Amino acid sequence: MNASVKKINKLALVISIPAFILYKGSRERNKIDEDINAWIEQNFPDCKNLSVFLKLHILLFEVKEFRNLFYMRIGRGKILKKILKTFIYAPMDSLYLNTESSKIGGGLYIQHGFSTIVIAKSIGKNCWINQQVTIGWIDGRGCPEIGNNVHIYSGAVVVGNIKIGNNVVIGANTTVTKDVADNCTVVGSHALIIERNGKKVKELL
């Protein structure tokens with residue numbers, strides 16, 4: 001048995017049964033599976049071969065940010081959900097996920113969700129968001145559409161009715177208010193593209 005399971009009292013597994021019931025009945029179950037695998041890969045790689053129930057339990061027990069994502073995904077089961085949030089697995093109160101789960105691809109990973117706001121038109125698969133990121137509206141003109149495999153580093157601001165392409169990296173403390181094409185790395189307060197399709201460039205967005 002790996003270290004992550006050893007340190008959890010077996011009796012504690014009982015408290016995750018309501019969460020597992022909600023998981024089993026969720027319409028977003030396939031996406032939750034992708035989320036679980038992404039978070040286990042980053043946080044507890046030695047747990048990859050465990051059952052879904054054990055992996056879900058470990059993440060809910062250990063990682064507050066995952067709880068927020070899980071509650072967004074499950075949608076249904078208001079009574080069980082309220083019991084979990086109030087008495088068992090409290091979510092992170094400074095992480096706001098205000099995007100429909102159906103509009104977010106599986107495998108979303110939020111590393112250090114402190115002071116993070118996510119309001120997007122849609123988010124693709126396997127995206128990674130760091131702490132103190134703001135994704136949202138600007139001047140009532142809509143919110144971003146984010147592609148697949150996008151990594152948004154700490155302190156970045158991505159706002160407005162814009163499109164962020166696939167395989168984009170947005171650097172720490174970068175402000176993005178215009179569209180970003182696929183395969184770009186963007187940095188700086190003026191959103192400087194420093195890489196496009198694997199080649200070094202230097203152009204303002």
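The values are calculated or read from the model by the stated rules, or taken from the named source; none is laboratory data. Nothing here was measured: the structure is a model prediction, and the numbers come from that model. Here the Cβ is made from the backbone with ideal geometry for all residues, glycine too, and neighbour counts use every protein chain on show. The accessibility values were calculated without ligands, DNA or RNA, using every heavy atom of the protein model including side chains. Shrake-Rupley method; radii C 1.70, N 1.55, O 1.52, S 1.80 Å.
Here are the numbers:
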| read-out | value |
| --- | --- |
| First in the range 84-103 and open to solvent by 40 Å² or more (accessible area, probe 1.4 Å), second anywhere and among the small types (G, A, S) and part of a strand (DSSP E or B), Cβ under 7 Å, 6 or more apart | K103/S122 |
| Those residues of the range 108-130 which are of a type outside the set (S, T, Y), touching a Phe, Trp or Tyr at 6+ places or on another chain (Cβ under 9 Å) and in contact (Cβ under 8 Å) with a residue 60 or more places away in the chain, in sequence order | L108, Q111, N126 |
| Pair list, Cβ under 6 Å, 6 or more apart: the range 181-205 residue within 13 Å of I164 (Cα to Cα) and at pLDDT 90 or above, other residue of a type in the set (D, E, K, R) and in a strand (DSSP E or B) | C184/R196; T185/E195 |
| Odd one out for T177, checked against (1) modelled with pLDDT of 95 or more; (2) farther than 16 Å from C127 by Cβ | (1) |
| Top-ranked residue of the range 104-138 - restricted to ones that are among the aromatic types (F, W, Y) and closer than 30 Å to V14 by Cα, ranked as least open to solvent (accessible area, probe 1.4 Å) | Y109 |
| Residues of the range 23-59 classified as touching a residue at least 40 places away in the same chain (Cβ under 8 Å), open to solvent by 20 Å² or more (accessible area, probe 1.4 Å) and aliphatic (A, V, I, L, M), total | 3 |
| The range 140-149: number of residues that are within 18 Å of E100 (Cα to Cα) and either buried (at least 17 other Cβ atoms within 10 Å of the Cβ) or modelled with pLDDT of 95 or more (or both) | 6 |
